[in-house]
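For reference, the structure is listed below as structure tokens.
The values are calculated or read from the model by the stated rules, or taken from the named source; none is laboratory data. The structure presented is a predicted model; accordingly, all values stated were derived computationally and were not measured. In this analysis, Cβ positions are derived from the backbone assuming ideal geometry, glycine residues included, and neighbour counts consider all displayed protein chains. All accessible areas refer to the heavy atoms of the entire protein, side chains included, with ligands and DNA or RNA removed. Shrake-Rupley method; radii C 1.70, N 1.55, O 1.52, S 1.80 Å.
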2 protein chains.
Amino acid sequence: MPQGKPEQVPDDGLTTRQRRAQPVLAVHTGLGKGKSTAAFGMALRAWSAGLRIGVFQFVKSPKWKVGEEAAMRALGDSGKGGTVDWFKMGEGWSWLARPGTERDHAVEAVEGWAQIKRDLAAGTYDFYVLDEFTYVMHWGWVPVEEVVETLGARDGAHVVITGRYAKDELIEAADLVTDMGKVKHPMDAGRKGQKGIEW
Amino acid sequence: MPQGKPEQVPDDGLTTRQRRAQPVLAVHTGLGKGKSTAAFGMALRAWSAGLRIGVFQFVKSPKWKVGEEAAMRALGDSGKGGTVDWFKMGEGWSWLARPGTERDHAVEAVEGWAQIKRDLAAGTYDFYVLDEFTYVMHWGWVPVEEVVETLGARDGAHVVITGRYAKDELIEAADLVTDMGKVKHPMDAGRKGQKGIEW
């Protein structure tokens, strides 16, 4: 796909250079595959551009996305591009509620968001992946209004948020929103995930 | 997203182990962002699993996706995971004796597909990214029936095909299809692509 020309030039008084320097808030949502995968694909570009990447992974399974993590860490360690920090909010931190652990997950979610706010304020990273972060808002552990307000006040960092059930307020605030629609999935045909494909 | 259980167990006489060894044909289509990006994200996992990756980029812009290419090549060069070969139609296929960029796109596309067929037959790669390959079928340069037949006869390689206008026959043949729907794009607001985000 070629690089397109803007469909319109905004009357915002900014030059193209200034507009290019504006940080992007991207949201990958929908019921299909590719939300997180595309976020890590974007991180490849960010790495290549020398950006400091921070991944905050709100995931359940310790096996999930180990491939992306290994690859991104290898890139960060290569010294050729940007840096990569990768944070997992704990193997016990699951939005699939288990008996007796639901409150802990909410607490961990809030703690994770608090760290992201501190990093945004300190300018720690240029490119954030907040993986599966939509669920934290979906379940009300962090108010979407607070996320939108915080991100709206950020200075220069690109942010990619993934997950189902992205709230309208977040979509409204985002610059780039893609809905990954499920058309067909191998598990529909009873196939299990495969190494190199699913993790 | 947690690893799910299959919704049904197929009556195909295969064990889970055998079913896991089945190669995946994935198609990322739709009008939104993330089709190629998610394919390269999948390649991260493939690299981590030690697979031999072959990327065939059916695009003309020399600037497009240089970030992904740099990152994937750095991974391939790291010696820690799988290998990465990356071929671009836009610079003339590098396996040709006299690659050039001023030749007929249809001819170049057919040459690319011919090489992919040779590589599939020879078992050169375990994981193929056929980037923007849907257009080659959409424009009739390579018949979709031939692609489906060839991929149906392949032995063990995972294949990811990206691009708009995926034909019904290809979707029918695929195991995993995601439609990337455009909800919102920065260029709608007159913003130009940014380094680290768009390339």
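Worth pointing out:
- Scan of the stretch B:7-29 for residues that are modelled with pLDDT under 85 and either assigned to a helix (DSSP H, G or I) or crowded, with 24+ Cβ neighbours inside 10 Å (or both), ordered by number: B:THR16, B:ARG17, B:GLN18, B:ARG19, B:ARG20
- Filter result for A:ASP119 (assigned to a strand (DSSP E or B), modelled with pLDDT of 90 or more and either charged (D, E, K, R) or open to solvent by 20 Å² or more (accessible area, probe 1.4 Å) (or both)): no
- Against the conditions (1) on the phi > 0 side of the Ramachandran plot; (2) surrounded by 24 or more Cβ atoms within 10 Å (Cβ to Cβ); (3) modelled with pLDDT of 90 or more, B:MET42 satisfies every one except (1).
- Filter pass, A:GLU102 being at pLDDT below 60 and within 14 Å of chain B (Cβ to nearest Cβ): no
- Single residue of A:GLY32, A:GLY4 found to be open to solvent by less than 10 Å² (accessible area, probe 1.4 Å), at pLDDT below 90, at negative phi and within 7 Å of chain B (Cβ to nearest Cβ): A:GLY32
- The combined condition, being at pLDDT below 90 and among the aliphatic types (A, V, I, L, M), is fulfilled by B:MET187.
- Test: residue in the stretch B:89-100 that is part of a loop (DSSP other than H, G, I, E, B), open to solvent by less than 60 Å² (accessible area, probe 1.4 Å) and among the aromatic types (Phe, Trp, Tyr): yes
- Subset of the stretch B:174-187 [open to solvent by 40 Å² or more (accessible area, probe 1.4 Å) and under 15 Å from the mean Cα position of the chain (by Cα)]: B:ASP179
- Figure legend. Inter-residue proximity from the stretch B:107-123: first residues of a type in the set (Lys, Arg), second residues surrounded by 14 or more Cβ atoms within 10 Å (Cβ to Cβ), beta-carbon distance below 9 Å, spacing 6+ or different chains. Indicated pairs: B:LYS117/B:THR150; B:ARG118/B:THR124.
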